[in-house]
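Attaching a single structure in structure tokens format; questions to follow.
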Amino acid sequence: MAKNEEEVKNTPFGFGTSNDAYAKYFTGKSYLNPLATKANCNIANVNFEPGCINKWHEHTVPQILVCVAGEGWVQEEGKPAHKMTPGDVYVVSPNTRHWHGAAKDSWFSHLSIMADTDKAKTTWYEDVDPEYYNNLK
């Protein structure tokens with residue numbers, strides 16, 4: 001097993017199923033387990049295989065990321081990448097370009113929390129520079 005695979009696959013929030021609907025926005029395989037999609041709020045457990053990250057993107061509403069298991073990264077445009085480990089919480093402000101996903105050698109699981117989903121729109125951009133990502137430590 002790869003680093004943190006067992007922890008990610010056995011979180012209390014469930015592993016979910018292949019995130020095929022959004023696969024074109026990820027560099028590798030991710031899995032999605034929706035937890036709450038009503039009351040104008042979306043909470044999902046998103047799981048990433050090692051090396052899987054999403055493209056640069058932004059949302060029109062805030063996004064809260066809570067690391068559940070494994071090791072990953074989040075980065076806002078113009079800021080250094082921030083390593084996430086279990087218990088870390090990162091808030092991305094609305095209309096802020098960012099990306100997030102697994103460390104290259106570890107599985108990663110985070111809760112994604114977004115309110116005001118009736119107003120939420122996501123705009124997807126380019127891939128993260130692979131050389132930059134591969135040099136993160």
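Can you tell which of Trp124, Trp73, Trp107 shows the greatest fluctuation in a Gaussian network model of the chain with Cα springs below 10 Å?
Maximum among the listed residues: Trp124.
What FRET efficiency, computed as 1/(1 + (r/R0)^6) with R0 = 30 Å and r the Cβ-Cβ distance, is obtained for Asp129 and Ala39, rounded to the nearest 0.05?
0.20
May I ask you to derive the FRET efficiency for Glu5 and Thr85 from their Cβ-Cβ distance with R0 = 25 Å, giving the value to the nearest 0.05? Please list the in-between numbers first.
On the way: r = 16 Å, r/R0 = 0.62.
Step by step, r from the Cβ atoms, then E = 0.95.
Would you calculate, for the chain, the mean residue ellipticity at 222 nm contributed by helices, counting each DSSP H stretch of 4 or more residues as -39,500 (n - 2.57) and dividing by all residues, to the nearest 500?
Values: 2 runs with 10 residues, N = 137.
Counting only the DSSP helices, I get -1500 deg cm²/dmol.
By the scheme Lys and Arg +1, Asp and Glu -1, what is the net charge of all other residues having a beta-carbon under 11 Å from that of Val68?
Around Val68, the charge tally is -2.
For the chain, what is the relative contact order in percent, using Cα pairs closer than 8 Å and at least 6 residues apart in sequence?
This gives 30 percent for the chain.
Sketch the reach of a paramagnetic label on Leu136 as a point 7 Å from Cα along Cα-to-Cβ, and name the residues of segment 47-66 whose backbone nitrogen lies under 19 Å away.
47-59, 63-66
Let me ask something else. Using label points projected 7 Å from each Cα along Cα→Cβ, tell me how many nm separate Arg97 and Thr122, to one decimal.
If labels sit at Arg97 and Thr122, their model points lie 1.8 nm apart.
Gain in length, Asp105 to Ile64, computed as 0.36 nm per residue apart minus the alpha-carbon separation, to one decimal in nm?
Extra length from Asp105 to Ile64 when fully extended: 12.4 nm.
Using θ = phi - 60° and the Karplus curve 6.51 cos²θ - 1.76 cosθ + 1.60, what whole-Hz ³J(HN,Hα) does each residue of segment 41-46 get, with Gly and Pro shown as x?
Each residue of segment 41-46 in turn: 9, 10, 10, 9, 8, 10 Hz.
Under 9 Å from the Cβ of Thr96, count the other residues' Cβ atoms, weight Lys and Arg +1, Asp and Glu -1, and hand me the total.
Values: positive: Arg97; negative: Glu58, Glu76, Glu77.
Local charge sum for Thr96: -2.
Using amide H atoms built in the peptide plane, which far-off residues or other-chain residues are under 5 Å from Phe15 H to H?
Those lying under 5 Å, H to H, from Phe15: there are none.
Provide the net charge surrounding Tyr133, with neighbours chosen by a C-beta distance below 14 Å and charges set as Lys +1, Arg +1, Asp -1, Glu -1.
My count for the surroundings of Tyr133 gives -2.
A short reminder: the numbers here are calculations on the coordinates, not readings from a lab. None of the values given here were measured: they were computed from a predicted structure. Neighbour counts run over all protein chains shown; Cβ positions are idealised from the backbone, glycine included.
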